[in-house]
Each structure stands twice: as C-alpha cells, then as structure tokens.
Amino acid sequence: QVQLVESGGGLVQAGGSLRLTCAASGTTFVIYSMGWYRQAPGKQRELVSTMTSGGTTTYATSVKGRFTIARDNAKNTVYLQMNSLKPEDTAVYYCAAGGSTTVQPIIPNYWGQGTQVTVSS
C-alpha cells in the first residue's frame, strides 16, 4: 500500500511560480513511476507529467517548457515545479504512483488527495 500526500498548492498571479510536493510512504518508492495529473472544473482529469523509476520524463504539450518534474528517492518525494503559470493551469493537481510499460509512462495504482492551484489573471 502506498500513501501519497500533496502540498504546495495555492493562489498565484499569472506568470508566477509554484512548486508542488508529493510525499510517499508505505512502500519502496524507487520502484514506482510517479505522475502528476490535474482536473479543472467540468473537465476530465488529464496527465500533466510523469517520471519513471529510471528517470524518463514526459510532459503534456500544454506545460512543456514551463513545468519540471523531479524526484528525490532518498526522501520518497516527487516535485512539480510550475513556472510561467497561466489561468488555464487552474485545477486540482493530483499525485499518482504506479507501474509503467514501454508505451505508458504510468499506470496509476495510487492517488493522493489533491491540492488546489489557482492562477489569477
């Protein structure tokens, strides 16, 4: 069993930055692929970024060049650095952990509770 706890969300003006943190417990963190998803009101949850256990990263086109995912296996933590934030980045951001395949960077098995990010214009 894996427990994931996100933090770092908040209200920021357009152009600003936030860093989300996801702390994992209850497992051998290093073996999991980690991912960040987001869900805006009235929209489906979408994949924002992933990092496999081997360090391979992916980014949604909408955030490429602005967001950076990183993980610290010694601290069982994954981060999402978000720069140049836009109002359309407003959403609840969720951390996920799971396996991966050659075609899917993450197959989520575990989810955090989410953290709200609001970007004002």
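The residues listed here are Ser25, Ser33, Ser49; of these, the one that is hydroxyl-bearing (Ser, Thr, Tyr) and either over 15 Å from Trp111 (Cα atoms) or touching a Leu at 6+ places or on another chain (Cβ under 7 Å) (or both) is Ser49. Counting only residues that are part of a strand (DSSP E or B) and either polar (S, T, N, Q) or open to solvent by less than 30 Å² (accessible area, probe 1.4 Å) (or both), region 6-17 holds 5 of them.
Taking Gly15, is it at positive phi and either under 12 Å from the mean Cα position of the chain (by Cα) or at pLDDT 95 or above (or both)? So Gly15 passes the test.
Counting only strands (runs of 3 or more DSSP E) that sit completely within region 22-121, those holding 3 or more residues that are open to solvent by less than 40 Å² (accessible area, probe 1.4 Å) and not aliphatic (A, V, I, L, M) correspond to 33-39, 91-99.
The values are calculated or read from the model by the stated rules, or taken from the named source; none is laboratory data. What you see is a predicted model, and the numbers here were worked out from it, not measured in a lab. Note that each Cβ is placed from the backbone with ideal geometry, even for glycine, and that neighbours are counted across all protein chains shown. SASA here: full protein model, heavy atoms, side chains in, ligands and nucleic acids out. Shrake-Rupley method; radii C 1.70, N 1.55, O 1.52, S 1.80 Å.
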